[in-house]
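Novice: Got a structure for you, written out below as C-alpha cells; questions coming shortly.
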Amino acid sequence: MIEGIGIEHFLVVSTLMFFTGICGFIIRRNLITMLMSIELILNSVNINFLVFNRYLYPDQMQGHFFSLFIVGIAAAEASVAIALIINIYRSLQNIDVENVNEMKY
Amino acid sequence: MTGFAYTILIPLIPLVMFLVTGLLGMKWKPIVSGILGTIGMGTSFVLSLITAGKYFFGSHLAEGFQTIIPMEISWLRFTETLIIKMGILLDPISVMMLVVITTVSFMVHLYSLGYMKGETGFARFYAFLSLFTFSMLGLVIATNIFQMYIFWELVGVSSFLLIGFYYQKPSAVAASKKAFIVTRFADLGFLIGILILSFVTGTFDFAQLTQPGTTIFGSAASMSFLGISALTWAMTLIFIGGAGKSAMFPLHIWLPDAMEGPTPVSALIHAATMVVAGVFLVARMFPVIHFQAPATQEIIGYVGGFTSLFAAVIAITQYDIKRVLAFSTLSQLGYMMLALGVSGYGGEDGLGYMASMFHLFTHAMFKALLFLGAGSIIHAVHSNNMSDMGGLRKYMPITHATFLIACLTIAGVPFLSGFFSKDEILAAALHHNKLLFAVEFIVAGLTAFYMFRLYFCVFWGKDRHYHHTPHESPLVMTIPLMFLAVASVFAGYLPFAELVTSDKIAFESQMDFAVAIPSVLIGLFGIAMAWLLYKKESALPEKLALKWGVLYTATFNKFYFDEIYLFVTRKIIFNYISRPIAWFDRHIIDGFMVGIGTTTEKVSYRIKGMQSGQLQQYAFMFVAGTLALTLSMLYFLM
C-alpha cells in the first residue's frame with residue numbers, strides 16, 4: 001500500500017502505456033520500433049499484475065512471480081525477434097514491415 | 001452320419017491354388033502354376049471319387065440316401081432369425097456334381113498344360129480356372145439358397161474373367177461383357193425369387209425347403225400377386241436365374257459368343273459345369289417346384305423343349321466349329337430342363353428327374369470331350385472355321401477316334417452313354433407330354449445330323465491348305481481326350497436309377513423299347529443324311545441352302561436374336577431411358593455438386609484479397625475486433 005497514491009493512478013499509467021504500445025505497433029513501419037512497442041505492451045501488463053497483486057492480495061506473491069516470468073519471456077522473445085529482423089535485413093536490405101509480405105495468400 | 005468332414009478340402013484346395021497361383025504366379029515360371037493347379041485339382045478329383053464311393057456304396061439304406069451336412073457355420077448373423085450359413089450338403093445330386101466338376105476340371109487342367117503352352121498369362125489362366133472350380137464346387141455343395149447365390153455370382157465372375165482371357169481382342173471383351181450382363185440380369189430374377197421364397201417360408205435351408213411333406217409352405221398358399229401364388233412367382237423368378245446361367249431361350253444369346261474364350265474354358269465352363277448350374281438349381285428346388293408351383297414346372301418343360309429345338313436348328317447352319325458345339329450344348333441343356341419339366345416326384349414318376357441328372361452327367365463327359373477335341377483340332381489348324389478343315393483323320397488319329405466316339409454318343413447310338421440318358425428323357429417325356437416328346441424326337445435326329453455334319457466336314461473331305469501339316473496334339477492333351485472317351489462310352493452303365501432319384505429312393509428303370517428303337521432310328525437317319533451331304537464334298541448342301549432361301553438365312557443368322565436384342569437395347573433402352581437418366585445425372589446431380597464447388601471457389605477468390613500480407617493490417621483488425629467485442633460485452637452486460 002503506497003500512501004496517497006490510489007490504484008487508479010497506476011492503472012491510468014499502465015493503460016496509457018498499453019495503448020501507446022498498440023498504437024506504435026500499428027502505425028510504425030520500422031520493425032525495431034514495433035518490437036519496442038511490444039515491450040511497452042508487456043510492461044504495461046506487468047504493472048497491472050503488480051498493482052493488482054499489491055492492492056487485492058497484499059500477502060501473496062503470484063503477481064510478482066508472473067511479472068518476473070513475463071520479463072524473462074520478453075527477453076527471450078526480443079532475442080528471437082531481433083534474430084528474425086537481422087535475417088530480414090539480410091534478404092531485403094531494409095526492415096520496413098510493409099516489405100515483409102512474401103507469404104500473402 | 002459322420003466321416004465326411006474332409007469334403008471341405010474339395011473346394012478349399014482349388015481356392016488355395018487360386019490364391020497361390022494368383023498371388024505368386026508372377027514370381028516363378030508359368031509352368032509351375034500349371035503343374036501346381038493340376039496337382040491340386042487332381043487331389044480334389046480323387047477326394048470326390050472317394051466321397052462318391054463312400055456316399056453311394058458305403059451305407060446303402062433301405063429308405064434311400066440321406067442328406068448329410070458334415071459341416072455348417074453361421075457366416076453372417078444379422079438378427080436372430082436372419083442368419084446366413086455356409087456349409088456342405090451332400091446328397092445324391094451334389095455328390096454327382098462333385099464328381100462331374102472335378103473330373104472335367106481335372107481333365108481341362110491337364111489338357112491346358114498343352115493347349116495353353118506359351119500363351120501370355122498362363123499363370124493367370126490357371127488362377128482363374130482354380131477360382132472357377134472353387135466357386136462351382138461351393139455352388140453345388142451349398143446348404144442354403146443364399147450360399148448358392150453367392151457362389152452363383154462367383155461362378156459368373158470367373159466365367160467373365162475367362163471369356164475375356166484374351167483381353168486384347170475386342171470381340172473377347174465384348175463377349176465377356178455380354179455374358180456377364182445377360183447372366184447378371186437373370187440373376188436379378190434369382191435374387192428376387194430368393195427374397196420372396198425366404199419371406200414366405202422363413203428359411204434359406206435346402207434341407208427344410210425340400211423335405212417331403214414339410215409344413216413351412218402352409219401359410220404361403222394364401223399369398224398371391226396378380227392372381228398367381230407367391231410361390232409360383234418365387235419359383236419362376238428363381239428359374240429365370242437358372243435359365244440365364246443355363247442359357248435357356250430367350251437368354252441364350254451369351255453362350256455362343258462366350259466361345260471367344262480359350263477352348264478348354266469352353267469345355268469346362270460353357271459345356272460341362274457352369275451352364276448346368278441352372279439345371280442343378282431346378283433339380284435342387286425340384287420338390288418345391290413340383291408340389292408348390294406346378295405352373296412353373298410347365299414353363300420349365302416348354303422353355304427347355306423350345307430351346308432344344310431352336311438351338312438344334314441353328315446348329316445345322318453354323319460354320320464355326322465351337323459355335324456348333326455351343327448350340328449343341330444349348331440344345332442338350334434344353335433336354336435336361338425339359339426332363340425336369342415333365343418329371344413327377346418319387347419312384348417311377350421321377351423318371352424325368354433321374355433322366356435329367358443322368359443326361360447332365362453323360363453330357364458333361366461327352367461335351368467336354370467334344371470341346372477338347374475341337375480344341376485339339378483348332379490347335380492343329382489354327383482356325384475355328386469348318387471350311388478351313390478337312391481330311392484331318394489322317395493327321396490326328398487319336399483326336400479323330402475320340403471325336404467320333406463323342407459324336408456317336410451324342411447322336412444316341414446304342415450302348416454308348418448318350419443313348420441311355422437320352423432314351424430315359426424321351427421315355428419320361430412320352431409319359432407326360434406328347435408334344436414335348438415329339439419335339440425331342442425331332443431334336444434327336446437333328447442332333448445326330450449336325451454333329452455328323454461337323455464330323456464329316458472336319459475329318460473327311462479334301463485336305464485344305466494348312467500353314468503347316470496338321471499334327472497330333474501332345475500326349476498331355478490326348479490323355480484327357482482318351483479318358484473322357486472312355487467315360488463317355490461307359491458312363492451309361494452307371495445304375496443312375498438306383499443312385500440319383502427325385503426322392504432319393506432307388507427304383508427299377510427298364511429300357512423302353514417303344515421309345516428306344518425309333519429314337520435310335522431317327523439318330524441313324526440323321527447320321528445317314530449327314531453322310532450323304534457332307535461325306536464327299538458336293539454342291540448338294542449349297543443347293544439345299546439356296547432352296548430354303550429365307551429360312552436358311554434366318555437360321556444362319558441365329559434368327560436375328562442378337563439383332564433384336566441390340567435394337568431393343570441400343571435404340572429403345574439407350575435412347576429413351578438411359579439418355580434422359582444420364583442427362584439428369586450429368587446436369588442435375590453433377591450440376592448441384594459442381595455448383596457447390598464453383599461457388600466456394602468464387603467466394604474464396606473474392607475474400608482472399610483480405611490476406612494482404614501486411615502484418616499491421618492484421619494487428620489492426622485484431623485490436624479492432626477485440627475492442628468491438630469488449631465494448632459489445634460491456635454494453636450487453638451493463
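Novice: Below 29 Å, Cα to Cα, which lysines can B:LYS602 reach? Residues fewer than 8 away in the same chain don't count.
Specialist: A:LYS104
Novice: Per the Cauchy relation, a quarter of the hull surface: what is the mean projected area of the convex hull of the alpha carbons in the protein assembly as shown, in nm²?
Specialist: Mean projected area of the Cα convex hull: 53.7 nm².
Novice: Check the straight Cα-Cα distances from B:LYS394 and name the aspartates and glutamates below 16 Å, setting aside those fewer than 8 residues away within the same chain.
Specialist: Straight-distance partners of B:LYS394: B:ASP463, B:GLU472.
Novice: Enter the angle in degrees (range 0 to 90, nearest 10) between the Cα long axis of helix B:475-490 and the first principal axis of the Cα atoms of chain B, meaning the one along which they spread out most.
Specialist: Between the helix axis and the principal axis of chain B, the angle is about 60 degrees.
Novice: If you don't mind, there's one more thing I want to ask. How charged is the neighbourhood of B:ALA175? Take every other residue with its Cβ under 15 Å from the Cβ of B:ALA175, and add Lys/Arg as +1 and Asp/Glu as -1. The partial results should precede the final answer.
Specialist: Working: positive: B:LYS169, B:LYS177, B:LYS178, B:ARG184, B:LYS322, B:ARG323, B:LYS558; negative: B:ASP257, B:GLU260, B:ASP320, B:ASP562.
Counting the neighbours of B:ALA175, the net charge comes to +3.
Novice: For chain B, what is the relative contact order in percent, using Cα pairs closer than 8 Å and at least 6 residues apart in sequence?
Specialist: 12 percent
Novice: Moving on. Grab the other residues whose beta carbon is less than 9 angstrom from that of B:GLY156, score K and R as +1, D and E as -1, and report the net.
Specialist: Within the 9 Å Cβ shell, the charges total 0.
Novice: Bin width 5 Å, origin at 0, all Cα-Cα pairs of region A:7-99: what percent of pairs per bin?
Specialist: 3, 14, 19, 19, 17, 11, 8, 5, 3, 1, 0
Novice: Output the relative contact order of region A:7-99, whole-number percent, from Cα pairs under 8 angstrom with separation of 6+ residues.
Specialist: Values: 82 pairs, mean separation 27.2, N = 93.
The normalised contact order for region A:7-99 reaches 29 percent.
Novice: Between region B:448-493 and region B:1-51, how many Å separate their Cα centres?
Specialist: Going from one Cα centre to the other spans 29 Å.
Novice: Can you return the aspartates and glutamates within cross-link range of B:LYS434? Criterion is Cα-Cα under 17 Å, with same-chain partners fewer than 8 residues away left out.
Specialist: Filter leaves B:GLU298, B:ASP349, B:ASP423, B:GLU424, B:ASP512.
Novice: Here's another thing I want to ask about it. Tell me, how many Å apart are the Cα centres for region B:92-165 and for region B:236-294?
Specialist: The distance from the Cα centre of region B:92-165 to that of region B:236-294 comes to 15 Å.
Novice: Please report how far the C-alpha centroid of region B:173-194 lies from that of region A:30-80, rounded to the nearest whole angstrom.
Specialist: Cα centres, region B:173-194 to region A:30-80: 79 Å.
Novice: Also: Is it possible to state the helix-based mean residue ellipticity at 222 nm for chain B, with each DSSP H run of 4+ residues giving -39500 (n - 2.57), the sum divided by total residues, to the nearest 500 deg cm²/dmol? What is it?
Specialist: On the way: 27 runs with 425 residues, N = 638.
Calculated mean residue ellipticity at 222 nm is -22000 deg cm²/dmol.
Novice: I've got another one for you. If you look at just the Cα atoms of chain B, how large are its Rg and its Dmax in Å?
Specialist: 29.5, 117
Novice: Moving to a separate point now. Report the Cα-based extents of region B:540-638 along its three principal axes, largest first, to the nearest Å.
Specialist: Extents along the principal axes, in whole Å: 111, 33, 14.
Novice: Listed here are the pairs B:LYS178/B:LYS571; B:LYS85/B:LYS177; B:LYS54/B:LYS504; B:LYS29/B:LYS117; B:LYS169/B:LYS322; B:LYS54/B:LYS85; which of them are more than 19 Å apart at the Cα?
Specialist: Cα-Cα > 19 Å for B:LYS85/B:LYS177; B:LYS54/B:LYS85; rest within.
A short reminder: the numbers here are calculations on the coordinates, not readings from a lab. Being a predicted model, the structure only gives us computed values, none of them experimental. Methodologically, a virtual Cβ is constructed for each residue, glycine included, from the backbone with ideal geometry; neighbour enumeration extends over all protein chains shown.
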